[in-house]
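The values are calculated or read from the model by the stated rules, or taken from the named source; none is laboratory data. Note that the coordinates shown come from a computational prediction; the quantities given were computed from them, not determined experimentally. Neighbour counts are summed over all protein chains in view; Cβ atoms, including those assigned to glycine, are modelled from backbone coordinates with ideal geometry.
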Amino acid sequence: MDFRILDASAFYAGVPFRSSEDCYTTSSVYDEIKHIKKNHDALGTLLETNRLKIREPSEESTKSAIKAAKDTGDFPQLSKQDMSVIALCIETKGEIITDDFAISNVAKNLELKISPIMTKGITDVGKWVHYCPGCRTNHSSGTECPACGTPLKRKLLKD
Ligand SMILES: [Zn+2]
């Protein structure tokens, strides 16, 4: 079976509440997101119906995740919650549902499966812009800066 593993950004975007597929997360992520007031009852229902399962990564997977994050240089950007999600993904050979850049980057380097949230979740959490790290301008689309030719990066503007 496929393990769909949700990080905090997936919960904030409402992913588990509009999907009928089972999903997994870790207790540290759950502790972080259980305060989302508007989804409080929905979270309870997901747990009761076993569509959301909480599972802890082993110490060994956690060590592998930490090592991988240090290799890519993302470690300072990653919280304990983020690390637990990566570790669980390593352990279950699952798929991470996230919009977090550092998590995605580490996961990619480990050749783990990642599913960006995007689509509907965007309206809940903010909007994506393409920005130029060269001349620091924002663009609504494109892969290259029209002004200076630098490859554009994407970032989420929070509402
Ligand atoms: Zn530019």
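Of all residue pairs spaced 6 or more apart or on separate chains, those with beta-carbon atoms under 7 Å, a first member in the range 1-29 that is closer than 23 Å to L156 by Cα and a second member that is hydroxyl-bearing (S, T, Y) and in a loop (DSSP other than H, G, I, E, B) are D7/T98; S9/T98; A10/T98.
If you go through the range 129-141 and keep only what is farther than 20 Å from D99 by Cβ and not charged (D, E, K, R), you end up with C132, G134, C135, T137. Tell me yes or no: at least one residue of the range 77-92 is free of Cβ contacts under 8 Å to residues at least 12 places away in the same chain and over 14 Å from the mean Cα position of the chain (by Cα). Looking through the range 77-92, none of the residues is free of Cβ contacts under 8 Å to residues at least 12 places away in the same chain and over 14 Å from the mean Cα position of the chain (by Cα). Being at pLDDT below 90 and part of a helix (DSSP H, G or I) is the filter here, so list the residues in the range 17-31 that pass it. Residues satisfying the conditions are F17, R18.
When the range 47-70 is filtered for residues that are surrounded by 14 or more Cβ atoms within 10 Å (Cβ to Cβ) and over 17 Å from S28 (Cα atoms), the ones remaining, listed by number, are R51, S64, A68, A69.
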